[in-house]
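Take a look at the structure set out below.
The values are calculated or read from the model by the stated rules, or taken from the named source; none is laboratory data. Keep in mind it's a predicted model, so treat the numbers as computed, not measured. Reconstructed Cβ throughout: ideal geometry from the backbone, glycine too, with neighbour counts over all protein chains shown.
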Amino acid sequence: MATPFTGEGERRKGSVELRALAARRLRPVADRGAPGKVNRPLLATLGELGLLSRVVPLAGPVRAQDLCLLRESLAYACTEAETALALQGLGAHPVVAHGTRAQRARWLPEVAAGRAVAAFALSEPGAGSDAAALELRAEPTGAGGAIRAGGADGAAVSGWRLHGEKRWISNAPQADVYTVFARTGPGTRAAGVTAFLVPADRPGLGGEPLEMLGPHPVGTLTFDGVPVGPGDVVGEVGRGFRLAMATLDLFRPSVGAFAVGMARSALDASVAHAGERRAFGGPLKDLQAVSHLLAEMATRTEAAALLVQAAAAAYDAGEPGVAARSAMAKLFATETAQYVVDSAVQIHGARALAHGHLLEHLYREVRAPRIYEGASEVQRTIIAKELFRAAGAGASP
């Protein structure tokens, strides 16, 4: 098993440096952004600092450990910067891993520089946690309506038109390019799904923003005969669902890292507050109920961090059982962060509920990661399936 402790000293040093960078350079830009809107100046700053190129590399794979380090460190000091970086990486990763030379040349430099906004369009009104239930249709075009995208020769299937809706899509409808998953074949569930790279200016593509609990841009996309061709296919026709799941295997541990960053921020704020705040004749830290709660928060946070690091190290090493490890990391870390932030609010009392307080902000941020990229219940299902799969193969998970 790959050890999560390799280069631990460098990892901690890098985390401290990233936190300081986020507080100094990214926090002021984030504060000038509008809730629910893509903050393009923030993306440009992430690109200028070279952070986006680490999750959208022009050559080579994305390292899960690097992604987790970035997300945890940025989340500690600036959740808006963390999410902006993560969404760029998620939206572009199918192209990084499986895109054609033309797709990579057209979009990756722009996304890595923060000049183009990317989005990952998988969820639908009837296919959220159950992503395999997606219904967006890709209808083949006839000879008279052939689509010649990407230099396709028109043989066999010359193109498709997309019909349907996507919902709860981060960065929609403000993104510049979408990785869209649609059903091209007659199969059900995971069969017959294809990934397409769809620029925002395609005719028939619409959408509207959704007002959500968190401050990040989320919206719907509508497809009214949106034309796509063979040059827009990412990977292989009919194998898009596998591509989507492979992308999530990489990003799920890093969702856990995002959660760990928020938990560490809430914990540090609580320790400081308990040492300064006086009540019942002394500082809060002298109350056993408070000190024991802080100890529990710290222990769970450290356990979550180690589980995330182990999953990321296993991914980078190509070890078996990555799906289960990724699911465990996301499940435990996001549930832990919810507990830690909620406990931090309790320690701070009413002041933590005031608009603009760090914990009020974290309280709104921490809820969504237990749902997106597979709800906690989905992660438990994945883990259980992998346990039984490993048992049937006579191996440990």
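Among the numbered conditions (1) crowded, with 24+ Cβ neighbours inside 10 Å; (2) at pLDDT below 95; (3) of a type in the set (D, E, K, R), tell me where Lys166 comes up short.
So the condition that Lys166 fails would be (2).
Would you mind stating whether Ala295 is in contact with a helix residue (DSSP H, G or I) (Cβ under 7 Å, 6 or more places away or on another chain), among the hydrophobic types (A, V, I, L, M, F, W, C) and either part of a helix (DSSP H, G or I) or not assigned by TED's automatic domain parsing to the domain that holds Ile383 (or both)?
Considered against the rule, which asks whether it is in contact with a helix residue (DSSP H, G or I) (Cβ under 7 Å, 6 or more places away or on another chain), among the hydrophobic types (A, V, I, L, M, F, W, C) and either part of a helix (DSSP H, G or I) or not assigned by TED's automatic domain parsing to the domain that holds Ile383 (or both), Ala295 comes out as no.
Tell me the residue from Leu243, Leu210 that is over 20 Å from Leu67 (Cβ atoms) and surrounded by fewer than 24 Cβ atoms within 10 Å (Cβ to Cβ), please.
Of the residues listed, the single one that is over 20 Å from Leu67 (Cβ atoms) and surrounded by fewer than 24 Cβ atoms within 10 Å (Cβ to Cβ) is Leu210.
Can you name every one of the strands (runs of 3 or more DSSP E) wholly within the range 164-283 that holds 2 or more residues which are among the hydrophobic types (A, V, I, L, M, F, W, C) and farther than 26 Å from Ala352 by Cα?
177-183, 193-199, 218-228
Is it the case that Thr336 is β-branched (Val, Ile, Thr), in a helix (DSSP H, G or I) and over 30 Å from Gly99 (Cα atoms)?
Answer is yes for this residue.
Does Glu124 fit the bill of being at pLDDT below 95 and in contact with a Gly (Cβ under 9 Å, 6 or more places away or on another chain)?
When the stated conditions are applied, Glu124 passes them.
Test of understanding: among Ala311, Ala329, Ala337, Ala324, which residue is surrounded by 24 or more Cβ atoms within 10 Å (Cβ to Cβ), in contact (Cβ under 8 Å) with a residue 24 or more places away in the chain and more than 24 Å from Trp168 (Cβ to Cβ)?
On inspection, the qualifying residue turns out to be Ala311.
Among the residues of the range 1-18, is there at least one that is touching a Phe, Trp or Tyr at 6+ places or on another chain (Cβ under 6 Å), assigned by TED's automatic domain parsing to the domain that holds Arg106 and surrounded by 14 or more Cβ atoms within 10 Å (Cβ to Cβ)?
no
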